[in-house]
Structures are given as C-alpha cells and as structure tokens.
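Engineer: There's a structure below that I have some questions on.
The values are calculated or read from the model by the stated rules, or taken from the named source; none is laboratory data. Computed from a predicted structure; not experimentally measured. Methodologically, a virtual Cβ is constructed for each residue, glycine included, from the backbone with ideal geometry; neighbour enumeration extends over all protein chains shown. Note: accessible area is taken over every heavy atom of the protein model, side chains too, but ligands, DNA and RNA are not part of it. Shrake-Rupley method; radii C 1.70, N 1.55, O 1.52, S 1.80 Å.
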Amino acid sequence: MGSYALLVVSMILSSGMVVAGLFHIPNPGIIYFSSLGASIALLSFSMLLYLVKVFSYLRLQFSSKRGFVSISIDILADLRFAVLLMIVIGFLSMLGSTYVPQRQSIGFYIDRFGFEKGLWFWKLWISDVFSSWYYLGSIALLGLSLIACSYRRLPSVFKQAFAKVDLTNVKDRLRDKNVISIEKVSEQKLEEFLKTFGKHKKWQEGERTYFFAQKGRFSRLGVYVVHLGLLVVMAGGLIDGIFGFRGNILIPEGGRSSETALIPSGKVKELPLQIELKDFRIVSYGEEASKRSRVVSQAISDAIASFESDIVIFSQDGERASKVAVNKPVEVGQYRLFQATYSMLPEAGNVKLAIFDKSKASDPQNGYLGSVSLSAGSVSEFKDMLLAIDRSTLNLENEALGAQGILKPALMVKVVLNGETFDVPVIYSPELSFFAQSQMENSDKFPYLFFLTEFEPRFISGFQISYQPGVPLIWAGSFMIVFGMMLAFYTNHKKVFVMYEGDTLKLSLWSHKFKEEFHSEVLKYFSNK
C-alpha cells in the first residue's frame, strides 16, 4: 500500500476509534486504548512517510527554480490534497451535526458529557465547530484547491471545446488512421446526419466537400460549473460561520425587545428589528383537535400539544403582525424567529372584570353595566374610566402554590375617574372583592364595583432568532451544482469531421465520453440506406 493510501486509511481508522471512545463505549478499557494507540501510531507513521514524499517533491521543484506560486498551485490542485481536506471536514461535520449539540452553555456540556470531556469540548471549539478557525480554514483551503484545479485544467478544456476549426484542422483529422470510409451515401442522407448536430461548417475544394460539426460542447464546462457551485456554497458557509449567529429572546406579554443573548456566549446583541409580544397561548390536544374537527381521547385532551405567540415585528420595512408556533418559524428578511420555550410570571396577564353600579348593589341585574378586558402593560377604557393592572398575585393565600398553577388571584386595578385616581382591589372571591372595595380609600367617591370573571397569568415567551446571511449563496450554489452535474452527466461533447467525394464518405469521429457508442450510432445511421 502506498504512503498516501496508508494515510487515508489511518485517518479514517483513527477518526472512527476516537468517535467510538468518546460517544459509543461507556467505559473504555485496555483493549480500546491499545487499539486507539495503535491507530494513532499508524496515523503518525503514514503521515511521516507522506510528509517525506512531499518534502522530496518540494526540494526537487525548488531545485529546478520553479516559482513558489506555481508550486503552491500544483499542490492545491492535487486531488490527493483535496481528499485529505474532505476527510477532515467530514469528520468535523459529523461531530457537530450528530454527536455534539452546538452553541450551548458550558454547563450543558459538563452536565451531558462529564466535567473533563465537556470542558475540552468547550476549549477546543467542538461546541461551536462550524464557526471554529480550523473548520473555516479547512473550508477555505478546499475552496482554494477547487480554484487551483480549475485554473490548471479549464484553459485547455475551454480551448478544446471552443477553439475555431478551419479546413486545415479537418484535413489533418481525416488523415488519422481511424478514419471511417462509407460508400454509396447520398447527399440527402449526409445533410440529414449533419442537421442532427445543428449548425455545421462547409468547405468546397474541387470535387471534394468538407464538413465539420459538433454539439454538446458546453458539457465540458459541467464539472467547472459544479466547482463554481461548490465555491459559492462554501462562501455561504464561511459567511454564516463568521457573521451568522443564533440567540435567545425573552419577552413578557405586552412587552417589547430588540436585544438577543447570543448562544453560547450570552453576549447581548442589538437587532435591527423590534419584537412585541401581544399574546401567548398554550394549546392542548383537545383544542388542537377541535380546530381540525377531530376527537381525541379524554386522557390526553388537556395535555400540551403546542404553544404559540402573537407578535408584532417592527423593522425598516414597517410593522408586521405574525404568529409564531412550535415548528412554525417566522422569517423576517435573513432572520428566522422560532418559538422555543415559555414560562409563567407571578402576576396577571389578561383579566376580565364585570362592572356594577354601586348604588344598585342590591339589584345586580339592573346594576350590571358591562365588562372590560385588561392586559398587562396596557390601558383599557370603560365609560368615563381609564383602567390598568397595577400589581397582582397568582395566589393570595400562598404564592408558592400560584407558581405551581394553583390560582387564587388578586390584583390592584389603577383607575382614573374624573381626574382622580383610585386603587381598586379585585379578588378571586366576589365576597372578598366586595369587602375589600368597601374598605378602600375614598370608597365613597368611587361609584362602581369590580368583580373578577376571567383570569390568565402573564407569560414570558422564549424565542430563538437565527441570522444566516450566507443562506442565499448556499441555495444559489446548490442550484449551480445540480445544473453542472446535469450538464456533465446528461450531455456529451461530440465532433464529426467529414470529407464527401462522389458518393463516398470519410468520417473522423470524436466524443468526450461513450466513444464506442457514438461510433456505433453513426455506423448504424449510415447502414440504414
């Protein structure tokens, strides 16, 4: 086995051993460490052999007084160098996409992988491998390798595919020993054959007529379109790795935010947009089924199916209302907003109050004036009053139970009436509300009674926002790769050199690929006279 093949095999073997020990073998023993040591020793030995060959090559090149740039291009254009880079990129990509969750806090890695392993994952940037200097450097080197490869080979391919062909070229080609001679071919048959190539050139020289035709020459550029597409994709990946980010945003109902805490650093970053949370909802399986006119088991009817937020996004493009739900992100330009988590604040979010005329307290049916909805952080209006939630608690008797969702709420409503301010207590029990409002300051001047009919705690909605400026390039590069592969695999560059004299035809055929098939097709065509 050659030194290069040995290096490739040893790289794959040692990578597999490292992954097995880190993630698949709970308690590695003497057998594992012996195998790991042997694979690393083999890798070191094969790398040394390969470096000796590279050093010998470089010494020979420099002794022949070749320039540094020319030698560097040769090394970068070498397919063996590109394969080594792809192995490294593949190994790192596998770590980041399969084994190690990316961009989490250091505590996450210590809890999940243990102190030493988690700390080393953090220190070696494996926790953010796609933005690490070694990953981005490998991508950049692979891009340079593709550029060097195209630089070395494209000019000759382009010349062969697009160079002008004159009569001298045709005559030279027809002197080839592999020229095919076919007799009794009519001019009509020849014209029909040449039409299959589209446009063709024609020269007349005495009794002889010469032709040249070709088709599919752009297929020769297919591999370079693929190269260009890969470069565009890698450029998009580099832009994402350098300038892209992912962050967390926590917004209480009724609140706004234009800041995100970057993952994993926690550094606060100002966004060019502002997000306002209008409402947050927890959707049960029963509610989800009701929307779709379905029926679910009573056992899971109250279980949480999803949670969603009604938001307003303020950006340079204006104001936009949207709904974000689990697995249903919202896109704003190059930003994507995901519903990630939620929590409950120990205060009121949305409440509904029934309002009565105090002078008709003995006759509730005639004293009822209507209802008003209040939301945290906003002011509501009812008749001649302005109302807002001043402060609240989820459980008046035990705050700890309120945090667990056992609600016995109470709130203080700030009311402005005829230029005077009142603090009106409202409690979960109508009796307690009536008593508390009778004891409030200036109660004789306040002509209304408030009773609580609906109560929802105030939620904080947790979003993740991602910024990936390289995504358009990645999409464009992907389309280029597909187009280039179709060009390379489904088209074929063919040339035909023809001399026609009397009814005798002499042909010289050239095909970039499937040469025998092209020869057979031509012979079959002219044999069907």
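Engineer: As an exercise: evaluate Ala321 against (1) open to solvent by less than 40 Å² (accessible area, probe 1.4 Å); (2) part of a strand (DSSP E or B); (3) among the aliphatic types (A, V, I, L, M) and give the number of the one condition it does not meet.
Structural biologist: For Ala321, the exception is condition (1).
Engineer: Need the failing condition index for Leu119 against (1) open to solvent by less than 60 Å² (accessible area, probe 1.4 Å); (2) within 26 Å of Lys495 (Cβ to Cβ), just the number.
Structural biologist: Answer for Leu119: the failing condition is (2).
Engineer: Still on this structure, I have one more. Could you tell me whether any residue of segment 181-189 is buried (at least 18 other Cβ atoms within 10 Å of the Cβ) and among the acidic types (Asp, Glu)?
Structural biologist: no
Engineer: Looking at segment 264-287, is at least one residue within 30 Å of Gly90 (Cα to Cα), among the small types (Gly, Ala, Ser) and either surrounded by fewer than 17 Cβ atoms within 10 Å (Cβ to Cβ) or within 21 Å of the chain's Cα centre (by Cα) (or both)?
Structural biologist: There is at least one residue in segment 264-287 that is within 30 Å of Gly90 (Cα to Cα), among the small types (Gly, Ala, Ser) and either surrounded by fewer than 17 Cβ atoms within 10 Å (Cβ to Cβ) or within 21 Å of the chain's Cα centre (by Cα) (or both).
Engineer: Moving to a separate point now. Take the residues in segment 333-352 that are touching a Leu at 6+ places or on another chain (Cβ under 6 Å) and among the aliphatic types (A, V, I, L, M); name whichever of them is farthest from Leu396 (Cα to Cα).
Structural biologist: Among those residues, the one meeting the criterion is Val351.
Engineer: Would it be correct to say that Phe193 is in a loop (DSSP other than H, G, I, E, B) and buried (at least 16 other Cβ atoms within 10 Å of the Cβ)?
Structural biologist: The answer is no for Phe193.
Engineer: Also, quick follow-up: Within the set of pairs 6+ apart or on separate chains, which have a first residue in segment 387-399 that is under 13 Å from Met344 (Cβ atoms), a second that is part of a strand (DSSP E or B) and acidic (Asp, Glu), and C-beta atoms under 8 Å apart?
Structural biologist: Matching pairs, first to second residue: Ser392/Glu347; Thr393/Glu347; Leu394/Glu347.
Engineer: Since Ser297 meets every condition but one in (1) touching a residue at least 12 places away in the same chain (Cβ under 8 Å); (2) out of contact with any Ser or Thr (no Cβ under 6 Å at 6 or more places or on another chain); (3) among the polar types (S, T, N, Q), which condition does it not meet?
Structural biologist: Result: Ser297 fails condition (1) only.
Engineer: Still on this model: Contact list please: Cβ distance under 6 Å, first residue in segment 51-75 and farther than 19 Å from Arg152 by Cα, second residue open to solvent by less than 80 Å² (accessible area, probe 1.4 Å), pairs at least six apart or on different chains.
Structural biologist: Pairs that qualify, where the first residue is farther than 19 Å from Arg152 by Cα and the partner is open to solvent by less than 80 Å² (accessible area, probe 1.4 Å), are Lys53/Ser3.
Engineer: For segment 72-90, how many residues meet the condition of being open to solvent by 30 Å² or more (accessible area, probe 1.4 Å) and within 16 Å of Gly237 (Cβ to Cβ)?
Structural biologist: Summing the residues that are open to solvent by 30 Å² or more (accessible area, probe 1.4 Å) and within 16 Å of Gly237 (Cβ to Cβ) in segment 72-90 gives 3.
Engineer: Determine whether Val415 is surrounded by 15 or more Cβ atoms within 10 Å (Cβ to Cβ), more than 19 Å from Asn442 (Cα to Cα), within 51 Å of the chain's Cα centre (by Cα) and among the aliphatic types (A, V, I, L, M).
Structural biologist: no
Engineer: Do we have Val225 as touching a residue at least 40 places away in the same chain (Cβ under 8 Å), more than 28 Å from Phe526 (Cβ to Cβ) and in contact with a Gly (Cβ under 6 Å, 6 or more places away or on another chain) here?
Structural biologist: When the stated conditions are applied, Val225 passes them.
Engineer: Quick one: how many residues across segment 441-457 are open to solvent by less than 50 Å² (accessible area, probe 1.4 Å) and either acidic (Asp, Glu) or modelled with pLDDT under 90 (or both)?
Structural biologist: 1
Engineer: Shifting gears a bit: Ser433 is checked against (1) of a type in the set (Ser, Thr, Tyr); (2) touching a Lys or Arg at 6+ places or on another chain (Cβ under 6 Å); (3) farther than 21 Å from Leu277 by Cα; (4) open to solvent by less than 10 Å² (accessible area, probe 1.4 Å) and fails just one. What number does that condition carry?
Structural biologist: (2)
Engineer: Considering every residue within segment 118-133, establish whether at least one is farther than 26 Å from Gly241 by Cα and not in a helix (DSSP H, G or I).
Structural biologist: Taking every residue of segment 118-133 in turn, none turns out to be farther than 26 Å from Gly241 by Cα and not in a helix (DSSP H, G or I).
Engineer: Hey, can you tell me all the residues within segment 53-81 that are acidic (Asp, Glu) and part of a helix (DSSP H, G or I)?
Structural biologist: Asp74
Engineer: For residues that are touching a residue at least 40 places away in the same chain (Cβ under 8 Å) and either surrounded by 15 or more Cβ atoms within 10 Å (Cβ to Cβ) or within 54 Å of the chain's Cα centre (by Cα) (or both), tally how many sit in segment 196-207.
Structural biologist: So the count comes out to 1.
Engineer: Does Tyr109 satisfy being open to solvent by 50 Å² or more (accessible area, probe 1.4 Å), hydroxyl-bearing (Ser, Thr, Tyr) and over 24 Å from Gly470 (Cα atoms)?
Structural biologist: No; evaluated as a whole, the condition is false for this residue.
Engineer: Kindly indicate which of Ser258, Ser290, Ser309 is open to solvent by 20 Å² or more (accessible area, probe 1.4 Å) and outside any helix (DSSP H, G or I).
Structural biologist: Ser258
Engineer: Residue pairs, Cβ under 6 Å, 6 or more apart or interchain, first in segment 179-195 and touching a residue at least 60 places away in the same chain (Cβ under 8 Å), second among the β-branched types (Val, Ile, Thr) and surrounded by 11 or more Cβ atoms within 10 Å (Cβ to Cβ). List them.
Structural biologist: Between residues of segment 179-195 that are touching a residue at least 60 places away in the same chain (Cβ under 8 Å) and residues that are among the β-branched types (Val, Ile, Thr) and surrounded by 11 or more Cβ atoms within 10 Å (Cβ to Cβ), the close pairs are Glu183/Thr504.
Engineer: One residue is enough: does segment 490-513 have a residue meeting the conditions part of a helix (DSSP H, G or I) and within 29 Å of Ala213 (Cβ to Cβ)?
Structural biologist: Yes, that holds for at least one residue.
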